[in-house]
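Notes for the one structure printed next.
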């Protein structure tokens, strides 16, 4: 059983960072489309996407944003965090087969509100930035260890 | 066969708007977790979530952000749009059973870059704002009609 650790506001230091890597698959893109209803042909229709400047299907930008959310929720500050806001810039396309590494770095602590501001950067396997921005998060009340829920599993219907 | 229509930069007017509604289900939350790997117990573990200020599981904020992405990609400006950036504020929790209506409104046109800025607001069935912010989008080259891809379907494994 995997455990997740969380950090409270007082435990968090400026400059503290965390990395999380995920390799994008076509199935992940299709699961994201099923979850959100985002059936943009840019992500699902190879013929349509081939005729665009991207010359082939790309992943939803919000899928990579979901990796940022995952890194916050499971790592820094970890479970119990409340996501207050996120600025995103979609710098480059992501395709199935790309390995995306999200890096979170604590940039600022806002004592009155107990918010932290994280620099959030996602890079591909060639170290090119694909998504950049900042997250504002309310960390959980203090350090804790909780069981990591199993990743739900699905099969194409 | 459903068709999707897109608007080019010249076709888009300040104040133009679009609405899209989706009812959140537990399955959508689990599909989102499977797509992104975001296994935050706040979304998947009823016991954990019951002990937090939310008093029960809530949906990933980025799932609602995905509805905004869906509204942009399938409606305004429609397929062929390039998502440049998105600012998000997670104002209130969303739970399975909530019906979320995303409203996009064209706020600004930036002629040099051909970007448009959309006000993006998601409200629940009680007309309370759950996610707010702005999107920056590069619309497709001009008006077009394309086939809407089928929503991928999955069954729990």
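Could you check, for the stretch A:80-95, whether at least one of its residues is at pLDDT below 95, closer than 29 Å to residue B:156 by Cα and assigned to a loop (DSSP other than H, G, I, E, B)? Yes, that holds for at least one residue. Note on the stretch A:99-120: residues that are closer than 24 Å to residue A:30 by Cα and crowded, with 20+ Cβ neighbours inside 10 Å amount to 2.
Only residues that are within 7 Å of chain A (Cβ to nearest Cβ) and either touching a helix residue (DSSP H, G or I) at 6+ places or on another chain (Cβ under 6 Å) or modelled with pLDDT of 95 or more (or both): list them for the stretch B:46-72, please.
Of the residues in the stretch B:46-72, the ones within 7 Å of chain A (Cβ to nearest Cβ) are B:48, B:52, B:60-63, B:65-67, B:69-70.
Within the stretch B:46-72, B:48, B:60, B:61, B:62, B:63, B:65, B:66, B:67, B:69, B:70 qualify.
Of all the listed residues (A:31, A:4, A:88, A:76), the sole one being over 18 Å from residue A:107 (Cβ atoms) and buried (at least 24 other Cβ atoms within 10 Å of the Cβ) is A:31.
So is residue A:79 free of Cβ contacts under 8 Å to residues at least 40 places away in the same chain and facing another protein chain (nearest Cβ under 10 Å) or not?
It is false that residue A:79 is free of Cβ contacts under 8 Å to residues at least 40 places away in the same chain and facing another protein chain (nearest Cβ under 10 Å).
For the stretch B:7-29, the criterion of a residue being assigned to a loop (DSSP other than H, G, I, E, B), free of Cβ contacts under 8 Å to residues at least 60 places away in the same chain, more than 7 Å from chain A (Cβ to nearest Cβ) and at positive phi is satisfied by no position.
Within the stretch A:119-157, being at the interface with chain B (Cβ under 7 Å from one of its Cβ atoms) and in a loop (DSSP other than H, G, I, E, B) holds for A:148, A:149, A:151, A:152, A:153, A:157.
The values are calculated or read from the model by the stated rules, or taken from the named source; none is laboratory data. Source: prediction; values computed, not measured. FYI the Cβ positions are ideal-geometry reconstructions off the backbone, even for glycines, and counts take in every protein chain you see.
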